[in-house]
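Since the structure comes first, as structure tokens, the remarks are kept for the end.
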Amino acid sequence: MQELIECKNISKTYGKKPALKNVSFSLPLRGVFALIGRNGAGKTTLIKILSTLLEPTSGTAEIGKINIVKNPAEIRKSIAVLSQEAKAVNWLTPRQQIFIYLLYRGMGINEAKMKTEEVIKTFKIGKNADIVNSRLSGGIKRKVLIAMVISTGSKILFLDEPTIGLDPIAREELWYILRRLKKTHFIFLTTHYLNEAEALADNIGIFDEGRLVQIGTLQELRKNINYQYSIYVQESRISLKSLKRYGKVVKGIDNKLQLLVDQKNADLLSKRFIQQKIRFSINPISLEDIFYYFTKKQILEESYE
Amino acid sequence: MSNIFSKIYASVLVTAVYAMKNYPTMVISSLLTPFSLLIFVILISKGALLDIAIIGAILSTMISSGIVLQIDLSHLKNDFKMQDMIVSSPTSAFIYIFGMSISELVYNLPTFAILISLAVFFVHIPLVPILTIILVMCMSFAFSTSLGFLISTFSSDMMQSWTFSGILTILLTTISPIYYPITYIPLPFRYVAYLSPTTYAAEIAQNALGSLKLPLSTLIINWIVLIALSAIILVIAIKKNRWREK
């Protein structure tokens, strides 16, 4: 039987302020689960609860049949966590940082040394490995922390916004590593980069104001939305009002309107724009479109409102 | 067992070995505090308080370990979020704090080496008082590090941590007569010194040195206070620390 990660009605309040509201889901413990949402949506709170850093106010969760609320010590043997706000310790070098973390994980000295060297090689941080972290760039320090978490060999990884501060090449390199890892690991990641979730995730969760509003594969999320296409129109002759009846307008900024439409209206509008020689582009809906749809967010300049 | 050793060794590396290796000026800084007061007391007393001051400096270094531990733990917890990574790992709060406490001793090894050499030359007492002094020092160390850990789990940023550190310094090392006998403090103010648990430790050590003659009843009370306070703080630190956030 496939092992699962299961959340059952998890809620969390800070004082009187609710951060999570009855979050429930069940996923196989394999592949990448990406949680997307706006700042303050509750992503970090959920990751903190699942990685045993924080107790929920109510509800429970199990990872591979281990109740993480009642028995956190048991699950800690199998997980490794990169917090969103984690920083490389200033006075350590990357080699020292990775080595000490592996010791904290309970590895013997020789094994920790070996794993440290392996991960330094995998992440190509050899030339910076003996420079104190305080002298390294933010991106390299972030890379060191990711390397440190992955070097543990834990089969369940919680990565809270892991690629913040990484340059595009470093991000691609990490994606490559995560794609390889996801065949044998479960990676729970939160991200603000929707292309990252699209590129890596087997399952995606959309979080909004403490609620999990959607969960599923990208294809499943696409099916749950009434629109199949996203149209961008860059033309001052087109008014927001005239487009509203064709679909859902999600953006109106810099004379550029974006609306989500179904197959029929996509055909209709395409023909109309071609006839009227209006510049437009049409694409199948992306995760970004789905995100805007489910979080019911519109970006509209005052002139459009 | 090697598993536990690895975890303790990790703490020793983080705040002692690697810190001193990468920033050697930290060694000089660790030496300055106990020696500045030691020299000051010896000069003022024209050498009369030499033995008390040397033992006081060792005791003070042990107690200061708890204060420094509080700052180190807060720094690692709040600024680097390292404690989050440890909490979610197989390392328990007890092993972490034990390792970090040992690391404070390792960090102070150069200081201890010099102070113990001075003690060998200038403090001549029989074996039993030496053992008593060692025991008092161990109790003071356990007390101050437990207190340091407890407080660090409640601090949310470095400003708070520095404030706690200031209060602890006054409570544990300033108002208590560590470098000189309590009789040097004028009477109405002497009672204030008893607010500090380290005063009881200092009195027991000074009694063992022979520079203070305490009645047996006072000596017993001092031991009871020291043991009880250490036990209470240790229990509170274990039960009430904020290892896993609520």
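Quick note: the coordinates plus some simple rules give every number you see, no bench work behind them. Being a predicted model, the structure only gives us computed values, none of them experimental. Here the Cβ positions follow ideal geometry from the backbone for every residue, glycine too, while neighbour counts run over all protein chains shown.
The simple Förster model, with R0 at 30 Å and r as the Cβ-Cβ distance, assigns B:N3 and B:I134 a FRET efficiency of 0.55. Between the helical axis of A:109-122 and the longest alpha-carbon principal axis of chain A there is an angle of about 30 degrees.
In degrees between 0 and 90, to the nearest 10, how far off the longest principal axis of chain B does helix B:2-12 point, with axes built from Cα atoms? With rounding to tens, the tilt is 70 degrees.
Full extension of the chain segment joining B:K46 with B:A228 gains 61.8 nm, where the gain is 0.36 nm per residue of separation less the Cα-Cα distance. Using θ = phi - 60° in the Karplus curve 6.51 cos²θ - 1.76 cosθ + 1.60, the 3J(HN,Hα) couplings for segment A:219-228 round to 5, 5, 5, 4, 5, 7, 10, 7, 10, 10 Hz; x is entered for Gly and Pro. Does segment A:229-304 come out rounded, prolate or oblate by the C-alpha gyration tensor, with a ≥ b ≥ c the root eigenvalues, rounded set by a/c under 1.5 and, if not, prolate when a/b is larger than b/c and oblate if not? Oblate, because a/c is 1.5 or more while a/b does not exceed b/c.
In order along segment A:9-19, the phi-based Karplus estimate (6.51 cos²θ - 1.76 cosθ + 1.60, θ = phi - 60°) of 3J(HN,Hα) comes to 6, 6, 10, 9, 10, 9, x, 9, 8, x, 10 Hz; Gly and Pro are listed as x.
Evaluating 6.51 cos²θ - 1.76 cosθ + 1.60 at θ = phi - 60° for every residue in segment B:38-51, the Karplus couplings come out as 4, 5, 4, 5, 5, 5, 4, 8, 6, x, 5, 9, 3, 5 Hz, glycine and proline recorded as x. At 25 °C and 0.890 mPa s, what whole-number value in µm²/s does Stokes-Einstein give for the translational diffusion of the protein assembly as shown, with Rh from the Kirkwood sum over Cα pairs? Taking Rh from Cα pairs, D becomes 91 µm²/s. With springs connecting C-alpha atoms under 10 Å apart, model chain B as a Gaussian network and identify which of B:A16, B:A202, B:A48 has the largest mean-square fluctuation. Among B:A16, B:A202, B:A48, the largest GNM mean-square fluctuation belongs to B:A48. Annotation: average projected area of segment B:2-240 is 13.8 square nanometres, based on the convex hull of Cα atoms across all directions. Taking the C-alpha atoms only, the angle from helix B:197-209 to the longest principal axis of chain B is near 50 degrees. Here each label is just a point 7 Å from Cα along the line to Cβ, and for A:T122 and A:D167 those points are 2.3 nm apart.
Against the compact-protein benchmark of 2.2 N^0.38 Å, the Cα-based radius of gyration of segment A:153-305 scales to 1.22.
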